[in-house]
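Below is one structure; the comments refer to it alone.
Since every read-out is calculated from the coordinates, none of them should be taken as a lab result. As the structure is a prediction and not an experimental result, all values here were calculated from the model. FYI the Cβ positions are ideal-geometry reconstructions off the backbone, even for glycines, and counts take in every protein chain you see.
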Amino acid sequence: MPLTHLQRLEAESIHIMREVVGQCRNPVMLYSIGKDSAVMLHLALKAFYPSKPPFPLLHVDSTWKFREMIQFRDRRAAELGLELIVHVNQDGVARGIGPFSHGSAVHTDVMKTQALKQALDKFGFDAAFGGARRDEERSRAKERIFSFRSASHAWDPKNQRPELWSLYNGRVGPGESIRVFPLSNWTELDIWQYIYTQNIPVVPLYFAKPRSVVRRDGMLIMADDERLPLMPGETPEMRWVRFRTLGCYPLTGAMESHAQTLPEIIGEMLAARTSERQGRLIDHDQAAAMEAKKREGYF
Amino acid sequence: MEAAETLEVLRRHEAKDILRFITCGSVDDGKSTLIGRLLYDSKALLDDQLTDLAGASRAFGTTGKDLDLALLVDGLQAEREQGVTIDVAYRFFATPLRKFIVADCPGHEQYTRNMVTGASTSNLAVILVDARKGMLPQTRRHSFLVSLLGIHRVVVAVNKMDLQDYRQGVFEAIATEYRAMAARMGIPDPVFVPVSALRGDNVIFRSQFMPWYTGPSLLEILETTQVEDLAVAAPFRLPVQWINRPDQDFRGFSGTVVSGAVALGDRVTVVPAGWTSAVARIVTMDGDLERAEARQAVTIVLEDQIDVSRGDMLVAAHQRPHTADQFAAHVVWMGEEPLLPGRSYLLRLGTRQFSAQVTEIKHKVNVNTLEQVAAKVLALNEVGFCNLALDAAIPFDAYGENRETGAFILIDRVTNQTVGGGMISFPLRRAQNIHWQHVEVNKAARARLKGQKPCVLWFTGLSGSGKSTLANLVEKQLQALGRHTYLLDGDNIRHGLNKDLGFTTADRVENIRRIGECARMFVDAGLIVLTAFISPFRSERHTARELLEGGEFLEIHLSTPLEVCEQRDPKGLYRKARAGSLPNFTGIDSPYEAPEAPELRLDTAILSPDECAERVVAELVRRARI
């Protein structure tokens, strides 16, 4: 019986994770709490079973995540008995950086990109797993599975290491590091299908229920806490919504939906004609936004 | 979508197999357009991606008011601006029959390494030929690389048929010419399809303009071609990635079954050590398995307690791989600096890393004409057939029999860049038949007779930094202490042993390699060896160090600044170099790579020769060598 494509994707991801642990001195897994992170974490549990994954999880907390995400994060880490490092850019907090006061570009740069670099430097990680997929976005489609970063965390897309067969090169000099993307070859449908067949827990925000939202710039923004400033004429209203992707709540648009089960979510996705990143404000800030952010050290 | 319907879609999606293919074509063959067309017509694109595409088409497009489908795949800003593909892009789409991963590869010769990256994980190649231009040198190059990488299924898409009025003769002529070439390259039964990527003819839907073509469309070919999986038929191999030890009672070996299959009770051998045991358990988080197939990631527990580490390989006991420390292989060079025979590189094969040198380039292949030509070095994007020597005997299979255990990469020791990819052809018998002559009187015995611990004092630094002067002084002092020494000096060696070598980078590498070997022999003879050579490259000094045992190699860096050396100019060489009459002069137009962690660093601009000599002798005492 030849392996199905999901079995092959699973095996490939496990191979990648074991290679990192075999080659790198001090790896870490970026855990962003979303569905891709959920799958990546599940694969890590499989890769090292019956041992626990021999690396900690790192969450870079922008302080603007949905509250349910944070609760889910802490519960999962406790259930699994894994070390969880939460890093906040305290300098950004002190300067009062936020998406409403400074705009999404500055907020993302300071509270996500800079914060991530701070955390990687502070703990001296030489390899960091990320849950990005090549089907998400154009510049991701070009990125290697083992993606080299300079000592200043920069990505040079025109000078990537050739990556042949399943022979990965994780060698780095002092201060340099490798970002590793074990889900590179998964698609959004693969992710949901795997969550469904493996029964992987995900944040309840992916499922529809009545939530308090305001309509702004064509997006439905959830009033997750009292920090959402209301514009003139805006009043939060209860609507049946869910999220296709999760990030900072002020930057993440909800979609109207009644899908309360995984098959219903997948059904909606199969019928949908927009891609998941459309709900993300940060990608639309400028042309080639993702490539530019990645060059500066974003995941 | 109704839940029942969704579950049915999921069930079908789950059962699909996967085809990884590569597309190759030249700059204007319309390759990116073809993939864009496949994605567009197979409805793999979503509304916001189309909106994005419409915007990009206005900004960068070359198709007037129509969508420029090529922009779907050219992802980097520079690619969209220049309209060329620079790096491999991976694209995903699925039909009701199969899931596809496309590696869209650049066609230009300067991006050969990126094409090889894409080809190494593909099972099928779509090669584009422009109907107006016919077979071009790049068609030959792409086909050669595809066959070299072991892709046996080739589909030739003759594109831009619309610009040739969809004439059958044009298509047939190209097919005939290609078939003849494919036969010479050993590509079996290529398949041909006439298409227009721009207009969509025969890409997904059969074209109404070419009634003379009755075969399947390109997508139908991709959906139905059976790709034989070598990995399934080959013998069991599992390179060990990680030793899994959660507690005292469990010791498992985690890795991917890269070929063949393994079942409970199977006899497996650990190579290269050679221990044999039986499979006691095949562990996964979803429960133990009775059998694991090719490409499954598992953890194996053996019945006996035997020593296994990362880098070892579990293999079928009755079908073992070759084991040798020398082999012949095709190497595709990907480094900006050329491949230099004699230089030490890291070689990664399976999960293990070795020190390796190319001992000889048998020939290189002109990738456009397929001629074999003599070569001393391999430049970026060149392909050569080489002999390699490793620091240990390693287990491997021929690439033609097993892509997973016959492939390796080469890594530069200084930059850590991946600089080469290799495919092993066969072990070199001389490695197996030439054994070390066992000698009764060994290094320890010879050293004991002399009452000393042999070692190498390796002086390195710019011309004029005082290497020869210092080495002479140190040797005199050691003589006075009753030590047996030998001094290898740069100029003297070049008058004799190395008089056939010049000053090109390749010759410099070989120069230092020979000196390293000489130094080793003299150390073996029980002597304290002093070498005084510029030895500008880290790799070669590293190689010389590796030839010796721990503590036997003392690197002494004379860090005297260039200005001082140039001012001294004892042989008038800097003057000549500045005047341009002495090319490849270290420090002027050839680099000096300073040691990162020498045993001793001395600046002769600050210290006198006698002070330096004292410090060297003191260092030998401190390290208990004398």
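Side notes on the structure shown:
- Share, in percent, of DSSP beta bridges within the protein assembly as shown that are antiparallel, nearest 5: 65
- Neighbourhood net charge (13 Å Cβ-Cβ; Lys/Arg +1, Asp/Glu -1) for residue B:472: -2
- Cα lying deepest toward the dipole's positive end in the stretch A:96-151, options A:101, A:130, A:148, charges on Cβ: A:148
- Mean separation of Cα pairs under 8 Å and 6 or more residues apart, divided by the residue count, gives chain A a relative contact order of 20 percent.
- Shape analysis of the protein assembly as shown yields a ratio of the Cα radius of gyration to the Kirkwood radius, Rg/Rh, of 1.00.
- A viscosity of 1.567 mPa s and a temperature of 4 °C, combined with the Kirkwood radius over Cα pairs in Stokes-Einstein, give a translational diffusion coefficient for the stretch A:37-129 of 89 µm²/s.
- Partners of residue A:209 within straight-line reach, counting lysines whose Cα lies under 24 Å from its Cα and excluding those fewer than 8 residues away in the same chain: A:35, A:65.
- Cα gyration tensor, the stretch B:371-426 - rounded (a/c under 1.5), prolate or oblate: oblate
- Along the axis of the charge dipole computed for the protein assembly as shown (Cβ charges of +1 for Lys and Arg, -1 for Asp and Glu, origin at the Cα centre), the listed residues B:239, B:39, B:457 are led at the positive end by B:457.
- Sorted ascending by nearby beta carbons within 10 Å, beginning with the fewest, B:539, A:37 become B:539, A:37.
- Exceedance of the 32 Å cut-off in Cα-Cα distance is limited, within the set A:122/B:467; A:117/A:142; A:112/B:16; A:293/B:160, to A:122/B:467; A:112/B:16; A:293/B:160.
- Qualifying aspartates and glutamates (Cα of each under 12 Å from Cα of residue B:376; at least 8 residues distant if same chain): B:360, B:507, B:510
- Each Lys and Arg adds +1 at its Cβ and each Asp and Glu adds -1 at its Cβ; summed about the Cα centre, the stretch B:243-374 shows a dipole of about 300 debye.
- Sorted by Cβ density within 10 Å, fewest first, the residues A:245, B:284, B:176, B:351: B:176, B:284, A:245, B:351
- Net charge, residue B:185 excluded, C-beta distance under 14 Å - Lys, Arg +1, Asp, Glu -1: +2
- Built amide H within the under 5 Å cut-off of residue B:192, gap 5+: B:156
- Computed E for residue A:121/residue B:323 - FRET, C-beta separation, R0 45 angstrom, nearest 0.05: 0.55
- Relative contact order computed over chain B (Cα-Cα under 8 Å; 6+ residues apart), in percent: 9
- Sparse-neighbourhood loop sites, chymotrypsin sites (Phe, Trp or Tyr not before Pro) in the stretch B:197-235 - DSSP loop, at most 12 other Cβ within 10 angstrom: B:212
- Per residue of chain B, the DSSP helices (runs of n ≥ 4 H) give a summed -39500 (n - 2.57) that works out to -8500 deg cm²/dmol at 222 nm.
- Cα centroid of the stretch B:501-540 to Cα centroid of the stretch A:8-37, whole Å: 43
- Entries in B:362/B:453; B:31/B:364; B:133/B:364 that, when Cα-Cα distance is taken, lie over 32 Å: B:362/B:453
- The fraction of Cα-Cα pairs per 20 angstrom bin, counted from 0 for chain B, comes to 16, 38, 32, 13, 1 percent, rounded to whole percents.
- Three-way shape call for the stretch B:164-242 based on the alpha-carbon gyration tensor, with the a/c threshold at 1.5: prolate
- Between amide H atoms placed 1.01 Å from N, distances below 5 Å from residue B:159 occur with B:129, B:130, B:131, B:195, all of them 5 or more places distant or on a separate chain.
- Label zone of residue B:110 (point 7 Å out along Cα→Cβ, amide N under 19 Å): in the stretch A:140-159 this covers A:156-159.
- Toward the positive end of the charge dipole of the protein assembly as shown, with +1 on the Cβ of Lys and Arg and -1 on the Cβ of Asp and Glu, the farthest Cα among B:114, A:60, B:595 is that of B:595.
- For chain A: Kirkwood Rh in Å [reciprocal of mean 1/r, alpha carbons]: 19.9
- Placing R0 at 41 angstrom, the Cβ-Cβ distance between residue B:578 and residue B:481 gives a FRET efficiency of 0.50 after rounding to 0.05.
- Residue-count net charge about residue B:303 - beta-carbon cut-off 15 Å; Lys, Arg +1, Asp, Glu -1: -2
- log₁₀ of I(q)/I(0) at q = 0.10, 0.21, 0.23, 0.24 Å⁻¹ - the stretch B:322-430, Debye sum with one point per alpha carbon: -0.24, -1.12, -1.33, -1.44
- Charge dipole of the protein assembly as shown (Cα centre as origin; +1 on each Lys and Arg Cβ, -1 on each Asp and Glu Cβ, all else neutral): 1500 debye, rounded to the nearest 20.
- Applying the Karplus relation 6.51 cos²θ - 1.76 cosθ + 1.60 with θ = phi - 60° to the stretch B:384-394 yields 3J(HN,Hα) values of x, 9, 10, 9, 10, 10, 10, 7, 7, 6, 10 Hz, where x marks Gly and Pro.
- Put the Cα centre of the stretch B:234-260 next to the Cα centre of the stretch B:175-197 and the gap is 42 Å.
- Residue B:382 long-range amide H proximity, modeled H, under 5 Å: B:333
- For the stretch A:11-61, relative contact order (Cα pairs under 8 Å, six or more residues apart, normalised by length) works out to 46 percent.
- Panel order for B:333, A:155, by other beta carbons found within 10 Å of each beta carbon, from fewest to most: A:155, B:333.
- Diffusion coefficient (Stokes-Einstein, Kirkwood radius over C-alpha pairs, 10 °C, 1.306 mPa s) for the stretch B:410-569: 90 µm²/s, rounded to a whole number.
- Chain A: angle of helix A:262-271 to the longest principal axis, Cα-based, in degrees nearest 10: 80
- Simple label model, 7 Å out from Cα along Cβ direction - residue B:181 to residue B:614, nm: 7.3
- Helix axis angle, A:5-23 relative to chain A longest principal axis, alpha carbon, degrees: 60
- About its Cα centre, the stretch B:231-316 has a charge dipole of approximately 280 debye under the convention of +1 per Lys or Arg Cβ and -1 per Asp or Glu Cβ, with nothing else charged.
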